Amino acid sequence: MIIDGKKEAELLRHEVKKEIDSLKLKNNKVPGLTVILIGDFAPSQIYVKNKEKKAKEVGINSEVVRYPKEVSEQEVLKKIKELNDNNAVSGILVQLPLPSQINKEKIINAINPLKDVDGFHPVNVGNLSSGYHATVPCTPLGCLFLIKKTESNLSGKHAVIIGRSNLNGKPMAQLLLKENCTVTIVHSKTKDLKIECLKADILVAAVGVPNLVKGDWVKKDAIVIDVGINKVDDKIVGDVDFDNVKDKVKAITPVPGGVGPMTIACLLKNTLECFKGR
């Protein structure tokens, strides 16, 4: 089975819109999302444009604050403080990557954790790892949605995550632990990736290496979630060798059209939850 991320994202956006419409009727207020975009990095420009479009479609007040790449760290921090204090703003997102003169850690730490729709603030990271309520990073949250659409009860499953980044691997591990999975994280220093991957009932590849996971790396009836987005010969491919894996497994996400659409849908969901949580 090929998991249709576009379809699932559309369903989630429809749910978010329905709830926002209801809240608007009840309170005459809607969530507000402000994205800070620094510089002219083309992928970031495209991604932010998509976020803005989808946010408006579900009824979120969306604003993009643009700065040239030479902007000072102080100016961005000042803007974040202003947004923290603005009650009309439910969610704040600073688009990564940032130019070299700006300290990513300082910027993330400056965002009010209650408005941190990316789930990157240390308070949200700590709450997630402690099993408390937290805003969860959008991509791992989207992955979990897709996994649970395929298999609702994950208890006792062996999940293997390729990649240990703060954006994907680590939060994905926490989410799957919460679902009572046995979780293994593998990475570039793991001695035998293939052997570890073959143990997986659920395999999440999030490492940025094109076609890393081969057909003989997965066991029959595994669920495979491919987070990778890599450009090879003008084609976008994932971290999984899709053509050689798809017929062997229970379910797999394609690239593109799998995890990507869910990331933006989950950002909208997070913005709504931040609005409700105030």
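The values are calculated or read from the model by the stated rules, or taken from the named source; none is laboratory data. All of these numbers come straight from a predicted model, not from anything done at the bench. Cβ sites come from the backbone with ideal geometry, for glycine too, and all protein chains shown count toward neighbours.
No other residue among G39, G59, G91, G32 is at positive phi and surrounded by 19 or more Cβ atoms within 10 Å (Cβ to Cβ) apart from G59. Regarding segment 262-273, can at least one residue be identified that is surrounded by fewer than 20 Cβ atoms within 10 Å (Cβ to Cβ), outside the structural domain of N87 (by TED's automatic domain parsing) and outside any helix (DSSP H, G or I)? No.
Can you confirm whether segment 185-194 contains a residue that is in contact (Cβ under 8 Å) with a residue 60 or more places away in the chain and buried (at least 19 other Cβ atoms within 10 Å of the Cβ)? No - not one qualifying residue is present in segment 185-194. Cβ contacts < 8 Å: first residue at positive phi, restricted to segment 145-165; second residue crowded, with 20+ Cβ neighbours inside 10 Å and in a loop (DSSP other than H, G, I, E, B), any location; separation 6+ or different chain. Result? Listed pairs, sorted by first residue: G156/C181; G163/A206; G163/V207; G163/V227.
Beta carbons closer than 9 Å, at least 6 apart along the sequence or on distinct chains, pair a first residue in segment 40-69 that is in the same structural domain as I92 (by TED's automatic domain parsing) with a second that is outside any helix (DSSP H, G or I) and among the basic types (K, R) for D40/K69; F41/K69; V48/R66. Among the conditions (1) surrounded by fewer than 16 Cβ atoms within 10 Å (Cβ to Cβ); (2) under 23 Å from P261 (Cα atoms), the only one that A159 does not satisfy is (1). Of the helices (runs of 4 or more DSSP H) lying entirely inside segment 150-259, those carrying at least 1 residues that are within 23 Å of E10 (Cα to Cα) are 169-178. Filtering S100, S72, S22 for residues that are within 25 Å of A265 (Cβ to Cβ) and among the hydroxyl-bearing types (S, T, Y) leaves a single hit, S22.
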